[in-house]
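Encoded as structure tokens, the structure appears first; notes follow it.
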Amino acid sequence: MRPELTQPITMDTFLRGIWRENPVFVALLGMCPVLAVTNTATNSLAMGVSTLFVLVCSNVLISMLRHFIPKQVRIATYIVIIATFVTMVDYILQAVSPVVYAALGAFIQLIVVNCIILGRAESYASKNPVLSTAVNAAGMGLGFALALLMLGSVRELFGMGSLFGVPVFGDSFQPWLVMILPPGGFFVLGAWLLLFAWWRERKARKAIVEDAVHAG
Amino acid sequence: MQGESLTFVFLNAAIINNFVLAMFLGICPFLGVSGKLKTASSMGAATTLVMLISSVSAFGLNVLLTSFEIEFLRLISYIAVIASAVQLVEMTMKKFSPGLFRALGIYLPLITTNCAVLGVALFQTAKEYDFLQAVAYSLGAGAGFTLALVLMAGLREKLELSSVPRIAQGAGLSLMLAGLLSLSFMGFAGLGG
């Protein structure tokens, strides 16, 4: 049996996935769906919620079974568990909204190979009790969904002049077609990353100045 | 789809709908291993090999699953096949080229979670390719993946020598570069028809 880490569940367990360890903007994990399906805000939301569901369910199950899974075959076991939940989501979405299902295509099935889920399973769910795993996974999933939405809304806003299918700019707006095409995904994500890097840099510089003031 | 010539299937997967730059599959290794030209090209070769093996096995599996009408097991069985193919390549490489094995490091087992590999298996099933078309498709996808990886590695080797602003160092700039590459690959779209 592996040693149990007894961390208390705090607000941080939940919140760090959303901001400080955001899977997309900080860890750069699960890039494929991030870039591929975020051409509209609706698609981003559907993808985010599906991933959130798979992430929470599979990690809770893995956490429950963590004492029974032999160490040597753990990765294969995780993958099979994840694939089971993805198949469920695949069929549910097909029944609930055929339009969104058609737009997302094979990317729902590709949630299986989203490194965020396997990464969480390996680094958190396999060592922590069920409840804190659920909280942590929910935070990570929300962080992922949020990042997708941030990307998807920008791309839809500039690429089609609408948000969730509702026109925003009026008729005279000339859409930037490139935004909803593949290169737009790279550009928008790159721009967000540059923005965050600039913000961190500014904060760090301010901290240095304040230190100097206090010292002087 | 019946009747697509093998050349078209190959070119379509390699250039027109490049797996990395047009379909966003396999972005993780694309950003992770594209630092050096040599590692990039060997990573491309290893991935192509895995793609070929898993594509051929996926074709056989699909026939089997369809004949028993248990298609809902498709995803689970595909991923199991891919994981074993990666294990096979890993063992072979460890035996015959230990240096390369160490250079690729953690990214070698991660081919399992490379969505490009699972993507090939899923798309060839969705497009109902026959056996030869499936082989051409997987080879094309591998060639396209290698091409994107090598191009990116070349660019990043040049980038090492130039001075960029502090905030742009790292992932942000790589993504902008990828965007430009992707933009230039859109020029091939006319070939598809």
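With the cut-off at 1.5 for a/c, could you classify the range B:138-193 from its C-alpha gyration tensor as rounded, prolate or oblate?
Details: a/c = 3.04, a/b = 1.93, b/c = 1.57.
Prolate.
Sum -39500 (n - 2.57) across every DSSP H segment of at least 4 residues in chain A, then divide by the residue count to get the 222 nm mean residue ellipticity, nearest 500. Using -39500 (n - 2.57) per qualifying helix, the result is -21000 deg cm²/dmol. The simple spin-label model puts a point 7 Å past each Cα toward its Cβ; for A:F164 and B:T92 those points are separated by 5.1 nm. The packing ranking, built from the mean of other Cβ atoms within 10 Å per residue, places the peptides A:176-182, A:161-167, B:120-126 in the order B:120-126, A:176-182, A:161-167, highest first.
State the three equivalent ellipsoid semi-axes of the range A:151-216, derived from the C-alpha gyration tensor as the square roots of 5 times its eigenvalues, in descending order and whole Å. It would help to have the intermediate numbers written out before the result.
Numbers: eigenvalues 292, 35, 13 Å².
After diagonalising the Cα gyration tensor, the semi-axes are 38, 13, 8 Å.
Centre-to-centre separation between the Cα atoms of the range B:133-165 and those of the range A:160-186: 29 Å.
Karplus-based coupling profile of the range A:83-98, in residue order and whole Hz: 4, 4, 5, 5, 4, 4, 4, 4, 6, 4, 5, 4, 7, 6, 9, x, with θ = phi - 60° in 6.51 cos²θ - 1.76 cosθ + 1.60 and x standing for Gly or Pro. Per residue, the convex hull spanned by the Cα atoms of the range A:11-207 measures out at 138 cubic angstrom.
Model label points for B:A45 and A:T10, set 7 angstrom from Cα along the Cα-to-Cβ axis, are 5.0 nm apart.
Residues A:F169, A:F25, arranged from fewest to most other Cβ atoms within 10 angstrom of their Cβ, appear as A:F169, A:F25. Mind sorting A:C32, B:C115 by how few other Cβ atoms lie within 10 Å of their own Cβ, fewest first? Least to most surrounded, the residues fall as A:C32, B:C115.
Please go through the residue pairs A:K127/B:K127; A:K71/B:K36; B:K36/B:K94; A:K71/A:K203; A:K127/B:K94; B:K94/B:K127 and name each one whose alpha carbons sit more than 32 Å apart in this structure. Each step should come with its number before you reach the end.
Numbers: A:K127/B:K127 41 Å; A:K71/B:K36 34 Å; B:K36/B:K94 20 Å; A:K71/A:K203 43 Å; A:K127/B:K94 30 Å; B:K94/B:K127 35 Å.
Beyond 32 Å: A:K127/B:K127; A:K71/B:K36; A:K71/A:K203; B:K94/B:K127.
Placing a pseudo-label 7 Å from each Cα along the Cα-to-Cβ vector at A:M64 and B:V63 gives an inter-label distance of 3.9 nm. What does the charge count around B:A103 come to, taking other residues whose C-beta lies under 10 Å from its C-beta (Lys +1, Arg +1, Asp -1, Glu -1)? Surrounding charge for B:A103 is +3. For the protein assembly as shown, the square roots of the Cα gyration tensor eigenvalues, ordered a ≥ b ≥ c, give a/c below 1.5, which places it in the rounded category. The shape of chain B can be summarised by an equivalent ellipsoid whose semi-axes, obtained from the alpha carbon gyration tensor, come to 30, 21, 13 Å from longest to shortest. What the phi angles of the range A:14-19 give under the Karplus curve with 6.51, -1.76 and 1.60, with θ = phi - 60°, is a coupling list of 7, 6, 5, x, 7, 10 Hz, glycine and proline written as x.
Every number here is computed from the coordinates shown, using simple stated rules; none is lab data. Note that the coordinates shown come from a computational prediction; the quantities given were computed from them, not determined experimentally. Note that each Cβ is placed from the backbone with ideal geometry, even for glycine, and that neighbours are counted across all protein chains shown.
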